[in-house]
Amino acid sequence: MQDVHSLVPKEMFQHPSGMPIEPDVMMEGYLYKRSSNAFKTWNRRWFQIKDKQLLYSHRSTDLEPATIMEENLRICLVRPAPSNIDRIGCFELVTPTRIHLLQADSESLCQDWMRALQRTILALHEGDSVDVASTSPRNKTTSMSSGVTLTSANAISPLSNAMDVTKGRSVSDPASTYTSANTSSISTAAGFSSSTTAFEQVRRVPGNEVCADCGSPAPKWVSINLGVVLCIECSGAHRSLGVQTSKVRSLCMDSIDNELRDVLLALGNRQVNEIFLAHLPPADSIVPPQINEKSARPAREAWIKAKYVERRFAVAEDTRARSSATNRQEHLKHKTSIGGNSSSNGVNRSSSYADVQDAESGGLLDADPWSADLSVPVPTASKRLSACGSDTNLDAIGSSSIDTKTVEWDSVKEACECGDLLALMTAYAQGFDLNALHNGTTALHIATRNGQTAAVEFLLLNGAKINMLDEKLNTPLHLAAKEGHTLPVCQLLKRGADSNLANVDSKTPLDIAMECTHADIVTLFRVTIMRNDFNADFNNPMDETVEAVISDIARRAATEKEQKKTESLKSTSDI
């Protein structure tokens, strides 16, 4: 049945009856569009890629104006549909605010539509002033079945492979980490600035006019956890290190929220390089040698690994050597201690809270004095000490041989309290364990309690465990609810923080928010619980309602925060 249209003469479906030939249409044809209502019905519509937009109408012969599905394809991504969609020929158009699910009449047509959308998006990024459709004459068309007309894009077709050069994340990559139904649920929570505005702001940061690693001009990629802007070649090398080291995004195509933007504006190439290259030896003795814009891929990978994974130039060589020996001794000593006192499941049932934490984190942390009197049953502790649902549930970089004790806790605590990202980055580069317990708390707890959204974002991006417990079994979500910090609550819920955990007083974050009468935060918890209860199906109809509520609350919180900041600056200037 999929090839039924092959029986129709080409002339009849190349230009359907009554359909004017429009020179600015890249591709057109019938697609099925899944509705967002409760019934999730599939409706057949006539689609067009035209004037940087995706349009649709009921029929190809409709004289009424077409409906605009997406006004600006420049900020969209296209990718195959998830495997749980039981229809063939499906793909997704991902925007900063929602996900459109579309179906072509066959797999081949699905690929054609995806390629056409990719070419359009990439062409818009390469030159915003270029008219995509005008780059190829209308008289060069490729016939498609099911009433599809695809304009030849010879002039821009090389762009479709632009992201394959360094094995970068293609916009059609099914394993793309750009967004998902969960991680995008609050993606516009704080009122994102447009991609163009964020791109321009980040590019104005000192040092960001060139690649942080090779110096290539006009970089368009960014490592969001390291805060450096990269060229496409170096971004590929960063990706090869894994997301536990560098999380690469496109400054042009990926949405950047206010908190992430604040992280990128606070760091930048110049300042991050001053941290990671603080102990760079003379040029003739650098191993591996520094790279430039003409360096080959192996040279880039070697340099970037030495710089960010081994952190070879962030700490003096003698300090690294000393710390490496100390770390090995402590690890062996603690491993022996854990092995001698563990039961069959790896943790003694009478172990203290800190012992359980140490066992799960590899036994590299020393138990704090406060933990000796605090016992938690192993089944409960083991379940609750995880960081499930977070993209930060990753092991610390194991190849770094820097002693965490060389970094003063007091400086990290102060940085979390005031939101000093440069101090946090310095501590991180020197090997500070962001999940380390000090005096019964962690860096993420302190940043959350003080409402430092940029610091919270930085810590989560760099491996802070989202459900970490303090001495009173409070998660960061408990503290954000208690202090009434709406934006940190959004940040934590966005990454899947567990709102059902109870502290030593048997109170959940929702209980605390209700006690403190923080209405917006109570609403956030309740709508999140509601969504989770109805989350059995992919992209269920509750998602859009919940996203709208969360986005509205977070946007209001961001506006109030900016107003308070403005008033504070005004009062200071009056003095």
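The values are calculated or read from the model by the stated rules, or taken from the named source; none is laboratory data. Everything numeric here is computed off the predicted structure, so don't read it as measured data. Note that each Cβ is placed from the backbone with ideal geometry, even for glycine, and that neighbours are counted across all protein chains shown.
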Handout entry: Single unsatisfied condition, residue 44 versus (1) outside any helix (DSSP H, G or I); (2) of a type outside the set (Val, Ile, Thr); (3) modelled with pLDDT under 85
Key = (3)
Exercise for the section: For region 439-457, indicate whether the set of residues that are in a loop (DSSP other than H, G, I, E, B), under 17 Å from residue 511 (Cβ atoms) and touching a Pro at 6+ places or on another chain (Cβ under 9 Å) is non-empty. Expected result: no
Exercise for the section: Restricting attention to region 230-262, report how many residues are over 25 Å from residue 98 (Cβ atoms) and in contact with a Leu (Cβ under 7 Å, 6 or more places away or on another chain). Expected result: 3
Exercise for the section: Inspect region 257-275 for any residue being surrounded by fewer than 20 Cβ atoms within 10 Å (Cβ to Cβ), at pLDDT 95 or above and of a type in the set (S, T, N, Q) and give the result as yes or no. Expected result: yes
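Conditions tested, residue by residue: (1) of a type in the set (Val, Ile, Thr); (2) over 24 Å from the mean Cα position of the chain (by Cα).
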position: 496; (1), (2): no, no
position: 499; (1), (2): no, no
position: 509; (1), (2): no, yes
position: 529; (1), (2): yes, no
Practice task
Among the candidates 85, 49, single out the residue that is within 30 Å of the chain's Cα centre (by Cα) and closer than 14 Å to residue 28 by Cβ.
Solution key: 49
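Only one of 548, 554 is at pLDDT below 75 and either within 22 Å of residue 258 (Cα to Cα) or in contact with a His (Cβ under 6 Å, 6 or more places away or on another chain) (or both); which?
Sole residue among the options that is at pLDDT below 75 and either within 22 Å of residue 258 (Cα to Cα) or in contact with a His (Cβ under 6 Å, 6 or more places away or on another chain) (or both): 548.
Here is a yes/no grid of residues against (1) within 30 Å of residue 317 (Cβ to Cβ); (2) in contact (Cβ under 8 Å) with a residue 40 or more places away in the chain; (3) surrounded by fewer than 24 Cβ atoms within 10 Å (Cβ to Cβ); (4) basic (Lys, Arg):
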{"residue": "417", "(1), (2), (3), (4)": "no, no, yes, no"}
{"residue": "422", "(1), (2), (3), (4)": "yes, yes, yes, no"}
{"residue": "430", "(1), (2), (3), (4)": "yes, yes, yes, no"}
{"residue": "435", "(1), (2), (3), (4)": "yes, yes, yes, no"}
{"residue": "439", "(1), (2), (3), (4)": "no, yes, yes, no"}
{"residue": "444", "(1), (2), (3), (4)": "no, no, no, no"}
{"residue": "451", "(1), (2), (3), (4)": "no, no, yes, no"}
{"residue": "454", "(1), (2), (3), (4)": "no, yes, yes, no"}
{"residue": "460", "(1), (2), (3), (4)": "no, yes, no, no"}
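Specify which of the listed residues (231, 214, 252) is surrounded by fewer than 24 Cβ atoms within 10 Å (Cβ to Cβ), touching a His at 6+ places or on another chain (Cβ under 6 Å) and of a type outside the set (Gly, Ala, Ser).
252 is the lone residue from the list that is surrounded by fewer than 24 Cβ atoms within 10 Å (Cβ to Cβ), touching a His at 6+ places or on another chain (Cβ under 6 Å) and of a type outside the set (Gly, Ala, Ser).
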Problem - Selection within region 64-117 - of a type in the set (Gly, Ala, Ser), assigned to a helix (DSSP H, G or I) and surrounded by fewer than 17 Cβ atoms within 10 Å (Cβ to Cβ) - result: 108
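Among the candidates 448, 486, 475, which residue alone is farther than 26 Å from residue 228 by Cβ, out of contact with any Ser or Thr (no Cβ under 8 Å at 6 or more places or on another chain) and modelled with pLDDT of 95 or more?
475
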Problem - For residue 79: the one exception among (1) modelled with pLDDT of 85 or more; (2) out of contact with any Asp or Glu (no Cβ under 7 Å at 6 or more places or on another chain) - result: (2)
Practice task
Residue by residue through region 288-311, note down the ones that are among the polar types (S, T, N, Q) and surrounded by 15 or more Cβ atoms within 10 Å (Cβ to Cβ).
Solution key: 290, 295
